[in-house]
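The values are calculated or read from the model by the stated rules, or taken from the named source; none is laboratory data. The structure displayed is predicted, hence computed values, not measured ones. Backbone-built Cβ (ideal geometry, glycine too); neighbour counts: all protein chains shown. Surface areas here come from the heavy atoms of the whole protein model, side chains and all, with no ligands, DNA or RNA. Shrake-Rupley method; radii C 1.70, N 1.55, O 1.52, S 1.80 Å.
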Amino acid sequence: MSYGQGGPPWGQGDRGPQGQQPYGQQRPATPDWEALASASEARGRKRRWTLIGGGAVATVAVAALVATLVVRANSDDPKASDPIGGVSSSSTLPEDTTAPAPSFSEVAPPPPPDPKDFVSSAEKDKAPLTALSLYPGRKLTVGDRVYAKGALHRTTKCASGTQGALGQVLTKNGCEQLIRATYRRDGVAVTVGVATFKTADVAARVKEETSGNVASLAGEGVPTFCRTTVCRSTANAYGRYVYFTVGGFTNGDNVTKQDRAVFTTGDDVAEFTLRQIHRRGVAQASQAAAAQ
């Protein structure tokens, strides 16, 4: 072996005797794969037990909280039902629940007065009554029919405004006054007469005993009519009032069943009279109700 140049340096080249490597070039040890796998498996088991243990702790904590809420809800403590520990819902109720409840009167309010009651007796029917208050204005309009108002008359001597036996009937039953008004349209005229009595019973009796009629009222453009000719007449009662109509032609012709204009005029004037009497009752009933 030469120590000069030309030979391989010491430690390089082929292995020495018995396969040993030169100094400084130790062969790395082979890893123990089985040991490493066992260690990794052990660490995985430990981690799983840690996670399972943490979940169990959380589950126990939630169960304990629910159990606490249930116990507090069933507790007699007024704050137990409040899981936050704030004001209990029962604190919004009045502290003294023994106070008496509000009471209401068991007496029903009186019914409103009946308008007819106020026109059924002289004791209640105190509103002023005149020919103008009963028949106001200068005309009467019913639908498309317009009637001009003629003369008005009022008297306490009821028999003076009648024909035939009616005067005697009115006087016998204590007639207080007789108001008359005439309406005309297209050659037809109707006079309405309203007589008042003390009570509705007397008025009803007068209606049944009626004979003859009121005398037609001329004037204000209406000539005398229905004094010697055939005319249509009616009689009705409402409350303590009895009202009559007599209607016919202003030219003196007799009225027949075919003369619908005479019938219509008489019905319109009679209906208006009834409404006027009823309005008196309504007005007085309203005043009585307001006074109550």
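What the table shows:
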item	result
Every residue from region 276-285 that is basic (Lys, Arg) and within 29 Å of the chain's Cα centre (by Cα)	Arg279
Candidate set: region 209-225, residues that are under 18 Å from Val194 (Cα atoms) and more than 52 Å from the chain's Cα centre (by Cα); chosen: the one modelled with the lowest pLDDT	Gly212
Condition check for Ala151: surrounded by fewer than 18 Cβ atoms within 10 Å (Cβ to Cβ) and closer than 16 Å to Gly219 by Cα	yes
Members of region 192-226 that are aromatic (Phe, Trp, Tyr) and in contact with a helix residue (DSSP H, G or I) (Cβ under 9 Å, 6 or more places away or on another chain)	Phe197
Filter result for Leu170 (buried (at least 18 other Cβ atoms within 10 Å of the Cβ) and touching a residue at least 40 places away in the same chain (Cβ under 8 Å))	no
Region 134-160: number of residues that are assigned to a helix (DSSP H, G or I), under 23 Å from Arg275 (Cα atoms) and over 43 Å from the mean Cα position of the chain (by Cα)	1
Condition check for Asp267: open to solvent by 50 Å² or more (accessible area, probe 1.4 Å), over 33 Å from the mean Cα position of the chain (by Cα) and under 28 Å from Asp144 (Cβ atoms)	yes
